[in-house]
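The values are calculated or read from the model by the stated rules, or taken from the named source; none is laboratory data. Only a predicted model underlies this, so the values are computations on that prediction, with no experimental measurement involved. Neighbour counts run over all protein chains shown; Cβ positions are idealised from the backbone, glycine included.
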Ligand code: NAD
């Protein structure tokens, strides 16, 4: 049966490792917004990874592909880990996350980094370094060395093996992601830092030239600076509060955002949104997922931090569902839960009691009830 056309369709794909564990909590949050805030949405859960592979021969079975295809927004968990060794490389590649990003042309990956004052004592960085940290890394997601051809491993005449990959960017690929950064900066503090390795790589020379040209042509009101990626890694640890929007290529963004995660306390805290081009109806395909991977070292233990996934729901509320007030409400609920001392193991101060993944979901749901109740009182 087809859903009524005003219903927003959300595909929920937990995937592998801790993916299903953290996504189960986000599902409860989405359900709460549908039930309590009257958001007209249909949630469709679908499987991905080893389990459907064993049943169907595909990591991305037909019904999951269909759910993602028809979805206005996709909530993704994680993929990867030891289980993937049980899937032949060709089957893993077909329907793999990189192919999905490419299929939906999800070129702009937004990764907000915010230091929560409640986590100052458990964060690996000092409190004075974390003060005022609030920036977004935009990682180009569908080009660069992760996609460039040729790639492979070959055996040389002398018997050695040689691995090779190709870093490549076209001017359009650079300009569209730089445009996302400039437009976002206009809604924030008006600063873009573009990160490259233009002292060594031709792709980075082109990257810098294109960013500068676009800035001069259309975004001269935004402050633009440039950093080499090695310096950027150091600056993120030294003084992360200096950044507003950082834009960079695929591999640099991948690495820098894990580094920047330490400013938010844990990799488990970071949400993300991956956005495709705007179509003629003004819509864009969007996939929301925590920045972390399948975390095989803690998978199945019920201790993963679900806040990266839950905060990805806040991004979905703001960017696809057009519910900025509800996005604010959810972020406020997460802040409230943290301020009240809710901690999973990765963000717990020494000696603090630790919540399970499910209990952290409970804490956020309780905080949502509380914050929404207070809003009603003040209305
Ligand atoms: P990871 O992000 O899975 O884990 C890195 C470290 O952070 C681990 O110690 C882990 O326990 C911890 N961690 C991550 N998320 C956490 C959470 N929510 N709560 C508490 N601790 C958390 O990175 P990895 O170990 O390098 O990669 C594992 C697998 O995940 C690999 O196969 C990799 O390819 C894959 N991966 C997938 C995605 C994705 O699905 N988008 C992203 C990154 C890595």
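A few comments on the model shown:
- Residue count, the range 306-337 (criterion: touching a residue at least 12 places away in the same chain (Cβ under 8 Å) and not in a helix (DSSP H, G or I)): 4
- Just one of (1) touching a helix residue (DSSP H, G or I) at 6+ places or on another chain (Cβ under 6 Å); (2) touching a residue at least 24 places away in the same chain (Cβ under 8 Å); (3) under 30 Å from residue 352 (Cβ atoms) fails for residue 131. It is (1).
- Subset of the range 232-251 [away from the ligand (no atom under 15 Å from the Cβ) and under 20 Å from residue 145 (Cβ atoms)]: 232, 233, 246, 247, 248, 249
- All of (1) crowded, with 22+ Cβ neighbours inside 10 Å; (2) away from the ligand (no atom under 15 Å from the Cβ) hold for residue 305 with one exception: (2).
- Hits in the range 82-123 (condition: part of a loop (DSSP other than H, G, I, E, B), out of contact with any helix residue (DSSP H, G or I) (no Cβ under 9 Å at 6 or more places or on another chain) and touching a residue at least 40 places away in the same chain (Cβ under 8 Å)): 105
- For the range 256-288, the candidate set comprises residues that are outside the structural domain of residue 343 (by TED's automatic domain parsing) and either in a strand (DSSP E or B) or under 21 Å from residue 176 (Cα atoms) (or both); within that set, the residue that is nearest to the ligand (Cβ to nearest atom) is 257.
- When we screen 340, 348 for residues that are in the same structural domain as residue 36 (by TED's automatic domain parsing) and in contact (Cβ under 8 Å) with a residue 40 or more places away in the chain, the only hit is 348.
- Flag if residue 79 is within 13 Å of the ligand (Cβ to nearest atom), surrounded by 19 or more Cβ atoms within 10 Å (Cβ to Cβ) and closer than 30 Å to residue 353 by Cα: yes
- Check on residue 291, touching a helix residue (DSSP H, G or I) at 6+ places or on another chain (Cβ under 8 Å) and either part of a loop (DSSP other than H, G, I, E, B) or more than 16 Å from the ligand (Cβ to nearest atom) (or both): yes
- The range 129-176 holds strands (runs of 3 or more DSSP E) entirely within its bounds, and those carrying 1 or more residues that are more than 23 Å from the chain's Cα centre (by Cα) and at pLDDT 95 or above map to 152-155, 161-164.
- Test: residue in the range 49-68 that is part of a strand (DSSP E or B) and either in contact with a helix residue (DSSP H, G or I) (Cβ under 9 Å, 6 or more places away or on another chain) or buried (at least 20 other Cβ atoms within 10 Å of the Cβ) (or both): no
- Residue 44 within 19 Å of residue 304 (Cα to Cα) and more than 13 Å from the ligand (Cβ to nearest atom): no
- Check on residue 27, part of a loop (DSSP other than H, G, I, E, B) and either away from the ligand (no atom under 14 Å from the Cβ) or without any contact (Cβ under 8 Å) to a residue 60 or more places away in the chain (or both): no
- Filtered by the rule that a residue be assigned to a loop (DSSP other than H, G, I, E, B) and touching a strand residue (DSSP E or B) at 6+ places or on another chain (Cβ under 8 Å), the range 177-208 gives 188, 190, 197, 198, 199.
- Any hit, the range 340-348, residues being within 30 Å of residue 104 (Cα to Cα), assigned to a loop (DSSP other than H, G, I, E, B) and within 16 Å of the ligand (Cβ to nearest atom): no
To keep it simple, each residue is scored yes or no on (1) over 15 Å from the mean Cα position of the chain (by Cα); (2) over 15 Å from residue 194 (Cβ atoms); (3) free of Cβ contacts under 8 Å to residues at least 12 places away in the same chain; (4) surrounded by 14 or more Cβ atoms within 10 Å (Cβ to Cβ).
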position	(1), (2), (3), (4)
225	yes, no, no, no
228	yes, no, no, yes
232	yes, no, no, yes
261	no, yes, no, yes
271	no, yes, no, yes
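- Selection within the range 333-361 - closer than 17 Å to residue 25 by Cα, out of contact with any strand residue (DSSP E or B) (no Cβ under 8 Å at 6 or more places or on another chain) and surrounded by fewer than 19 Cβ atoms within 10 Å (Cβ to Cβ): 335, 345, 358, 359
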